[in-house]
Amino acid sequence: MVPASSLGAFAVASFLLLIIPGPAVIYVLNRSVSDGRNVALSAVAGLECGNFMHVIAASAGLSAVLAASSTAFNTVKWCGAIYLIFIGARTLLRRPATMAASLTTMAPRKAFIQGFVVNTLNPKVALFFLSFLPQFIDPEQGAAWFQALVLGLVFVAIGCVTDSAYALTASSLRTVLLRGRALPFVQRWVAGSVFIVLGLVAGTASAGSNK
């Protein structure tokens, strides 16, 4: 079982990642601005199902890697930490993509399917599960796949809350979001800084865990 302290730390890290405007958040904002609250919430449901695909993959993959060797497991963790820092630096150097302002009409079912595809193929989520989640897996606390499953479900639950909050807020603030400058700032400077911090934390944790 995952210790309460590790579960809490993972929840905080998950929250920080999920509030950063990435593919999922931008998609929710677009659906909120273009099609309103109901369609946006359908998109959120699809996004979280997409997140769950990563949970399944992590539960199977981490268990397989750990079973192979602890050296391989720690190698994955170190590579992930370095890659997080790389992504953070690249984010700081790049101008963020603008949110589409064109209005379209989309059925809730189609929004759900698109949301599912967006997060299933979301590199930010895949990166998080590959590089950061392993820091919280302790072989001495039980099966790796079960710990990954528990942590993954926490991630999905937090994602439901944060993405829904974006949908509900954005659907009532359409004009402000399209004209404001806060979103690009968060996409570039806040997101880049958080990725670098997560990478440093991941590298520090990997030095003394999973022996």
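In table form, for the structure just shown:
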read-out: SER193 vs. criteria modelled with pLDDT of 75 or more, farther than 21 Å from LEU47 by Cα and among the hydroxyl-bearing types (Ser, Thr, Tyr); value: yes
read-out: Subset of the stretch 97-114 [at pLDDT 90 or above and either touching a Lys or Arg at 6+ places or on another chain (Cβ under 9 Å) or of a type in the set (Val, Ile, Thr) (or both)]; value: ALA111, ILE113
read-out: Qualifying residues in the stretch 19-50 (those that are among the charged types (D, E, K, R) and at pLDDT below 90) - the one nearest to the chain's Cα centre (by Cα); value: ARG31
read-out: Residue match in the stretch 158-167 (condition: surrounded by 15 or more Cβ atoms within 10 Å (Cβ to Cβ), over 17 Å from ASN30 (Cβ atoms) and at pLDDT below 75); value: no
read-out: Where a residue in the stretch 19-40 is over 8 Å from ALA167 (Cα atoms) and crowded, with 22+ Cβ neighbours inside 10 Å and its partner, wherever it lies, is among the acidic types (Asp, Glu) and modelled with pLDDT of 80 or more, with Cβ under 8 Å and at least six apart; value: ALA24/ASP163; VAL25/ASP163
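The values are calculated or read from the model by the stated rules, or taken from the named source; none is laboratory data. Note that the structure is predicted; figures quoted are calculated from it, not measured. Every residue, glycine among them, receives a Cβ derived from its backbone with ideal geometry; neighbour counts consider all protein chains shown.
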